[in-house]
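J.: Below is a structure I'd like to ask you about.
The values are calculated or read from the model by the stated rules, or taken from the named source; none is laboratory data. Just so we're clear, the structure is a prediction, and the values are computed from it rather than from any experiment. So basically every Cβ, Gly included, is an ideal-geometry build from the backbone, and we count neighbours across all protein chains shown.
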Amino acid sequence: MEQNTPTREQAFDLLSKYTKNGSLIIHALSVEAVMLHFADILGEPEKEKWGIIGLLHDIDYEMYPDQHCLKAREILLEHNWPEDYIHAVESHGWGICSNVDPVHRMEKILFTIDELTGLIAATAMLRPSKSILDLELKSVKKKWKQKSFAAGVNREVIEQGSKMLDMDLDYIIAETIKGMQKAAENIGLKGEL
């Protein structure tokens, strides 16, 4: 069966089929927004692909949490998705729940920003405005140092990704905030500004 280039609409339909939890959908939309932002600033020609992979990266998480990143391959193959998309989705769990290495820059960005979006969202929710639109790097860095804050966020993975990309961590955090700001309304972080 011939594979077509997947569309964003197909990706969202598939995500909706396997993910019913609203906060997981919001996380997927956050990661999609950040991936699109990084594709923009890095001048990547396949911007939509970056967004789609961000949107689908946790396709198996709600239904198969103990087989996260492993079931993704089955699900995407069953729906005739291209191998490069499958590899990218699998690789975001490298060293945690997958042994598929992030090879391409897109995969390394996904690996790095996935957890980071959670830390940033949690930081934004603590603001008086409950908005990401007035969130600054220094606020996230302050919360980064508090290991008990958003304790589920694996900061080592983010640091490892930063090294893998040879990008400054502050730069990655600042650009991740900007990416999420572009989708503030869709991810419930427009707040009261």
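J.: Could you check how many residues of segment 53-70 are touching a Lys or Arg at 6+ places or on another chain (Cβ under 6 Å) and surrounded by 22 or more Cβ atoms within 10 Å (Cβ to Cβ)?
T.: 1
J.: When the residues of segment 77-114 are narrowed to those that are hydrophobic (A, V, I, L, M, F, W, C) and touching a Cys at 6+ places or on another chain (Cβ under 9 Å), which ends up surrounded by the fewest Cβ atoms within 10 Å (Cβ to Cβ)?
T.: 96
J.: Could you go through segment 135-149 and let me know if any residue there is in contact with a His (Cβ under 6 Å, 6 or more places away or on another chain), in a helix (DSSP H, G or I) and modelled with pLDDT of 95 or more.
T.: No - not one qualifying residue is present in segment 135-149.
J.: Among (1) under 17 Å from the mean Cα position of the chain (by Cα); (2) free of Cβ contacts under 8 Å to residues at least 60 places away in the same chain; (3) under 20 Å from residue 111 (Cα atoms), there is one condition residue 168 misses while meeting the rest; what is its number?
T.: Evaluating residue 168 over (1) under 17 Å from the mean Cα position of the chain (by Cα); (2) free of Cβ contacts under 8 Å to residues at least 60 places away in the same chain; (3) under 20 Å from residue 111 (Cα atoms) leaves (1) as the failure.
J.: For residue 61, state whether it is in a loop (DSSP other than H, G, I, E, B), more than 14 Å from residue 157 (Cα to Cα) and not acidic (Asp, Glu).
T.: Yes, satisfied.
J.: From the set of residues in segment 115-138 that are small (Gly, Ala, Ser) and closer than 9 Å to residue 150 by Cβ, which is surrounded by the most Cβ atoms within 10 Å (Cβ to Cβ)?
T.: Residue satisfying both the conditions and the ranking: 121.
J.: Looking at segment 68-85, I want the residues that are part of a helix (DSSP H, G or I) and have a partner that is aromatic (Phe, Trp, Tyr) with Cβ atoms under 7 Å, at least 6 apart or on another chain. Which pairs are those?
T.: 71/64; 75/18; 76/85
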